[in-house]
Amino acid sequence: MDRPRLVVAIDGPGSSGKSSVGSAAALAVGYRFCDTGLLYRALTWLALARHVPDDDAAGLVALVPEVRLIADEHGRLGRVLVDDRDVTEEVHGAIVDEHVSDVARVADVRAALMPVQRALATTGGIVMAGRDIGTVILPQADLKIFLDASVEERARRRAEERSLDPGSAEARWILAELRRRDQIDANRTVAPLRPAPDAHHVRTDGNTFEETVAAVVAEIRAAEEARARDPNPAGSAR
């Protein structure tokens, strides 16, 4: 019997592993993957390049059609095109880290990106990661996961990714910036960061990457089995 192809929402704070874990889990179960944070990062990068202020809602929304995610051979929507140029590396820069939360809390920007994100999930078989996927973008997702870790653990991982000394000024700045972004994301008026009431919590402090991926894969497989037993549960995504 073919497994059902679900819509899976993974939410969590910055650097909790949503993108890397979600991508690996999606590959393991044969699903597509989308890190929606890339859309906000791309828009932020483009706004900085075009000198559009963080609080210029109309100016930011006007840039949305220029941002596009493209898939690799595994269906992972991990590359960013702006004006048909691949800017994936640029959107992960420190200057984007500094401004992306300010852009992401603009209500008109979130409204403009909502249909873009929802359109990706219409055929199922996708893992979508972000900060409001299970609560706002895909509230009827078949499975909702909230991936979390302490801010200290998240800062350590990001510093390690950038080959920084844990005691360096740059590493301390990462920790302070993550704390700042957590505050913004949790307290913004529109789509604040919080777990969906029916989310499955996966805490990753002390886990190896492989252990966290295995935990997410296990959640997806269990949800597939439940869907196979009951193809039309109340409140499902499709």
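The values are calculated or read from the model by the stated rules, or taken from the named source; none is laboratory data. Since the structure is predicted, the reported quantities are computational estimates derived from the model, not experimental observations. When we count neighbours, we look across all protein chains shown, and the Cβ atoms used for this are built from the backbone with ideal geometry, even at glycine. Accessible surface is based on the protein model in full, side chains and every heavy atom, while ligands, DNA and RNA are left aside. Shrake-Rupley method; radii C 1.70, N 1.55, O 1.52, S 1.80 Å.
Note on exposure: Leu63, Leu120, Leu27 ranked by accessible area (1.4 Å probe, complete protein assembly) read Leu27, Leu120, Leu63, with the most exposed listed first.
Temperature 10 °C, viscosity 1.306 mPa s: under these conditions the Stokes-Einstein estimate for segment 183-238, based on its Kirkwood radius over C-alpha pairs, is 113 µm² per second. Counting only protein chain heavy atoms and rolling a 1.4 Å probe, the accessible areas of Ser163, Ser20, Ser101 rank, largest first, as Ser163, Ser20, Ser101.
Considering segment 123-180, its Cα convex hull presents a mean projected area of 5.2 nm².
Peptides 38-45, 174-181, 83-90 ranked from most to least packed by the mean count of surrounding Cβ atoms within 10 Å: 38-45, 174-181, 83-90.
Evaluated at q = 0.15, 0.22 Å⁻¹, a Debye calculation over the C-alpha positions of segment 114-153 (equal weights, vacuum) places log10 I(q)/I(0) at -0.39, -0.71. Counting every C-alpha pair in the chain, the share spaced more than 24 angstrom apart comes to 44%. Considering every alpha-carbon pair of segment 135-238, the percent of pairs per 10 Å bin, from zero through the bin containing the longest distance, is 13, 32, 32, 17, 5, 1.
In the context of the full protein assembly, Phe33 retains an accessible surface of approximately 10 Å², using a probe radius of 1.4 Å and ignoring ligands and nucleic acids. Share of the chain's accessible area from carbon and sulfur, percent, 1.4 Å? Percent of accessible area from carbon and sulfur atoms in the chain: 53. Quotient of the Cα radius of gyration of segment 60-129 and 2.2 N^0.38 Å, N being its number of residues: 1.18.
The tail of the calculated P(r) for segment 68-189, taken as Cα-Cα distances beyond 17 Å, holds 67 percent of the pairs. For the chain, the 222 nm mean residue ellipticity estimated from helices alone, with every DSSP H stretch of n ≥ 4 adding -39500 (n - 2.57) and the total spread over all residues, rounds to -14500 deg cm²/dmol.
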